[in-house]
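The values are calculated or read from the model by the stated rules, or taken from the named source; none is laboratory data. All values derive from a computational prediction rather than experimental measurement. Cβ: placed from backbone, ideal geometry, glycine included. Neighbour counts: every protein chain shown.
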Ligand code: TA6
């Protein structure tokens, strides 16, 4: 099968459909530069997209991989998760090679971002679909004359068949801030993370790769550049508070997010930074 990148309409918004030589497929919207679907094989969707997600060009889309920048969650005065997940990005590059498909989307500061944050920046998201692997890389350049610092995340909604049966390995021994328990600092002592209630944790300084096991299939998560990992599931009560999640939606995803949350990334004028999350279907 030849690799391809096609312009498509996805629930009424402009998107790109990437197909790799192996038959893997991914869909990325220009709105938010959000990966909305990733199927490394036929009938093997690995990203959760809520059936109640709103595609009105104003609301953040619930699912896939939203980009949080220049603020993660409520860690500052900006709108939650920052300014770029509800903006139209532009396509800068598309490339189809023998085996893989790659696209680059970009967004720069403008009057809408200045209304909240005065800094000048260039953000670029590169998505590479290559066989069983999906790489998502966020690069940020300080294009202004003053230094700035930011928090950020690739807020990946990983699809699981049944969250109670999911097992997340690799966080053992790490310190985390428990946002579901008054932001207490704790240390993970279990061999695997099992979700049987609300989870909202920011794990610090995670250098290991993670493995998400889910009813007979696995997903490797390798992270570079982002120092932290956020694990989030709202559970039943929390889920009921989200109008764009179905009642039992929480059972079908676990957010495992490459993040810079505890320590802000500082950039001098002219400097740039990148962080990457690579997902490997097994
Ligand atoms: O990453 C976890 C988190 O910050 C949670 O606190 C939760 O609220 C979630 O993100 C979703 O945020 P959103 O603004 O997309 O509803």
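Quick check on residue 113: is it surrounded by 16 or more Cβ atoms within 10 Å (Cβ to Cβ), at pLDDT 95 or above, more than 16 Å from the ligand (Cβ to nearest atom) and closer than 20 Å to residue 275 by Cα? So residue 113 does not fit the description; no. Counting the residues of the range 1-35 that are within 18 Å of residue 95 (Cβ to Cβ) and in a loop (DSSP other than H, G, I, E, B) gives 9.
A count restricted to the range 55-81 and to residues that are closer than 15 Å to residue 116 by Cα, surrounded by 21 or more Cβ atoms within 10 Å (Cβ to Cβ) and within 10 Å of the ligand (Cβ to nearest atom) stands at 3. Being part of a loop (DSSP other than H, G, I, E, B) and either more than 27 Å from residue 256 (Cβ to Cβ) or under 16 Å from the mean Cα position of the chain (by Cα) (or both) holds for only one residue in 98, 135, and it is 98. Assess whether residue 267 counts as being more than 13 Å from the ligand (Cβ to nearest atom), buried (at least 19 other Cβ atoms within 10 Å of the Cβ) and over 23 Å from residue 167 (Cα atoms). When the stated conditions are applied, residue 267 passes them. Given 275, 238, which one is part of a helix (DSSP H, G or I), within 16 Å of the ligand (Cβ to nearest atom), closer than 28 Å to residue 54 by Cα and in contact with a strand residue (DSSP E or B) (Cβ under 9 Å, 6 or more places away or on another chain)? After ruling out the rest, the residue left standing is 238. Suppose the filter is surrounded by 20 or more Cβ atoms within 10 Å (Cβ to Cβ) and either at pLDDT below 95 or closer than 16 Å to residue 63 by Cβ (or both); does residue 248 pass it? No: the conditions fail for residue 248.
Scanning the range 46-62 for residues that are farther than 28 Å from residue 80 by Cα and touching a residue at least 12 places away in the same chain (Cβ under 8 Å) turns up nothing.
Take the conditions (1) under 30 Å from residue 23 (Cβ atoms); (2) more than 16 Å from the ligand (Cβ to nearest atom); (3) in a strand (DSSP E or B); residue 149 misses just one of them, which is (1). Within the range 253-268, one or more residues are at pLDDT below 95, assigned to a strand (DSSP E or B), over 17 Å from the mean Cα position of the chain (by Cα) and within 22 Å of residue 70 (Cβ to Cβ).
Quick grid of which residues meet (1) within 14 Å of the ligand (Cβ to nearest atom); (2) over 22 Å from residue 66 (Cα atoms); (3) surrounded by 16 or more Cβ atoms within 10 Å (Cβ to Cβ):
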| residue | (1), (2), (3) |
| --- | --- |
| 157 | yes, no, yes |
| 168 | no, no, yes |
| 172 | no, yes, no |
| 184 | no, yes, no |
| 190 | no, yes, no |
| 199 | yes, no, yes |
| 220 | no, no, yes |
